[in-house]
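Throughout, read-outs are computed from the coordinates displayed, never taken from laboratory work. Bear in mind that the values here come from a model prediction, so they are computed numbers and not experimental data. Methodologically, a virtual Cβ is constructed for each residue, glycine included, from the backbone with ideal geometry; neighbour enumeration extends over all protein chains shown.
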């Protein structure tokens, strides 16, 4: 008889909670094996075999061995990794064991394991509502509570002043590329754009359909390996806004110093760096971010807009693409992506529990330094971005030959380091290390890179 | 010590699967109570206390009593209802017990419990991917498989011919209200609309911003209590399309016979009735549906469009609002709402397992008949819609006075019948009984209505 045993163990930190067995999932087995497993639990009560260390839950050696011995005698597997975290993965590498991988995807990307587990727990019944968040009317008190809490937590995390509205919209960054000119090119019908990558270029192209776009600077000539130097004399003082992409996902660059735009509203695409580093929101007229990198599932776009920029959209702007409509209705003009908003709210709570954005930034700087320090010391690997503009979130790197790049990606995949292939316009590799990627994941990747270098000198 | 014990039991129907304890979740307890509960499991192994009946899982009487006795001796609760379904709810009504309610919300609304549970199970790790569906790149093989399977299943369920594209978009019906004129008013810049409710009216108003709208008929004069009679002489033979709302969520009416529009493309909003009844897709040029009623979580919009209608959008149409862009890119022009698409795909599989759309329709007709038959026989309750046009999905009804309406809604809520309040423009009550509402839910509601009538004669 073949099959899979899934077991999850969670230790709560609150004093009143002693332990929690998150779930036990036994299928494809007969009653005999089921009872034997329960007897095993009785011999090793959770108090004994659970320990808590940092954010990672694991089973201690003796109990682990006992369980492994037990399952080794049977034709089935044990699957605890997604509950007890990455620490435990290496113990359970093998055909019968499902496990969480180290996911370096550029987006949609890794989400905090703690949030996934909490959402899983309350997936079918949320609180005392008797229903899933997915089943709630967006006009219900419970959902309005979820929405308002998410807005308040984001306001708190990013220090967003009261004269900015927080909107939760649909359509991703690509819809923002149109909404921004449709809503903001309303005085002189022109805007300044800095082209630092494919997404900035797409934004500028869409805007050019609705007004005059002034490309202030571009780093296209060096495949966007830097944030270009800005010549302020090229800035248009009468531009309706000045557009930048704060972190460039594909190329791994970021703005470390904001341009001096005077009274022109600064508009920023922060899709791949929101909540990863502190930012002075008051320098911006509008900031937006698709959720699917640092915030939650794809399908929600966060827009933070200064109130004086609301209204006066172009005549033909579809109602659903008018910021003021969503602002007036607190993102409830129509049915919003309710579950995405809920999940994002849980991520906001998680970021707060980690110490807020300043603490996330410190951790992200440490994580990125692990990779960059290795790249700078390596004789084989090389980062592709100019040092001054290196992203904390997306780290592109290459090996000397295409053959070695391919070999590295293949062998990394076999070790559960996945989605490391670089964007086709850059080639090589890219490790996206968003907020949810634990330091241990980056350490494990660097260790593997060192090993790969030793084997391929 | 206070707290909650969560237990889920699932019996698989496949021969090779004997049973599955979905999860056991114990918190706020000490080790002693935990061990006692495990001993209880050992005394009542799942084979004994699980029975399978229709789609509903429940615990049989003796085991149920044993568990109730056990928990009654302790200061804590047992929570199996969201796993074992509605049948078990009444046994566990009480302060310490969380339970699934009967959710009659008009949308977002009840989802199939089996799908919620399956999604919960694979929430953190999907298949052998090592990650949540939420964490997957939309360009990954795994996600593309999910997307294509969902499209193929919907094509199969609705008998959609090959010359129609299936798109999974964002922005809900309200965005379709703009996309339809922007993309289809491209020959004579005019369209016919039948106004059968608030949503049809909003659609017509948005279209009128982009071209000439001919209101063929309206039932506004009787608060949309019917589908109006159509005078074909008012149809514009040169209209670019003819627009109808197949099921009117707020007012509880539906089209039972499609208008004879000749060669003019028929456009249908099927948000609140998709997959609830069979429809001849070849009669339509375009059909759309927001997911949040019969399909899945809010944030995905299904658009089914005949290929010859693609292209030639108005000049100023935002790229993201062009159907042809999404058709060319198979809904992957930008990051789609990946998790919503996955969940919807699971709902499609569920509808197939129920026997497809014909079987759903039969069940929906039976469910609706339970309510309408009672309304027609009641001396106290009254349906608000003309019989010939009654919806299978949304059943509005009233009591003789506002006081009785309010009393009914309050008492229903206490019995876990929630979201029964009618739309403010109709008043009274509305029971939305989408695909996911089991017949037992409607039976229970009718039983409660009978009891209410007896007590309030």
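FRET efficiency for the residue A:118 to residue B:148 pair, using the beta carbon distance and R₀ = 45 Å, is estimated at 0.90. Working from label points 7 Å from Cα in the Cα-to-Cβ sense, the residue B:221 to residue A:328 distance is 3.1 nm. Sorted shortest first, the separations between the residue B:127 label point and its copies elsewhere in the assembly read 3.6 nm; each point sits 7 Å from Cα along the Cα-to-Cβ line. In this assembly of identical copies, the label point of residue B:358 (Cα plus 7 Å along Cα-to-Cβ) is separated from its counterparts by 6.8 nm, sorted shortest first. Between residue B:410 and residue A:128, the modelled labels are 1.9 nm apart [label points 7 Å from Cα along Cα→Cβ].
Among rounded, prolate and oblate, which fits region B:392-457 when a ≥ b ≥ c are the square roots of the eigenvalues of its C-alpha gyration tensor, a/c under 1.5 means rounded, and a/b larger than b/c means prolate? Verdict is oblate for region B:392-457.
By the Cα gyration tensor, region B:304-415 has an equivalent ellipsoid whose semi-axes, rounded to whole angstrom, run 42, 20, 17 from largest to smallest. Ranked for footprinting exposure by Cβ neighbours inside 10 Å, fewest first, B:229, A:232, A:277 give B:229, A:232, A:277.
Shielding value for B:104-112 is 5, the average number of Cβ atoms from other chains within 10 Å of each residue's Cβ. This ranking places B:194, A:395, A:300 by how few other beta-carbon atoms lie within 10 Å of each, fewest first, which gives B:194, A:395, A:300. Residues B:132, A:272, ranked from the fewest to the most other C-beta atoms within 10 Å, line up as B:132, A:272.
For region B:193-312, what class follows from the C-alpha gyration tensor (a ≥ b ≥ c being the square roots of its eigenvalues): rounded when a/c is under 1.5, otherwise prolate if a/b is larger than b/c, else oblate? Since a/c stays below 1.5, the shape of region B:193-312 is classed as rounded. Across region A:259-343, the volume of the C-alpha convex hull divided among the residues equals 114 Å³ per residue.
A simple spin-label model places pseudo-atoms 7 Å from Cα toward Cβ; at residue A:141 and residue B:208 they are separated by 3.8 nm.
Between this copy and the others, label points of residue B:403 are 9.1 nm apart in ascending order, each placed 7 angstrom from Cα in the Cβ direction.
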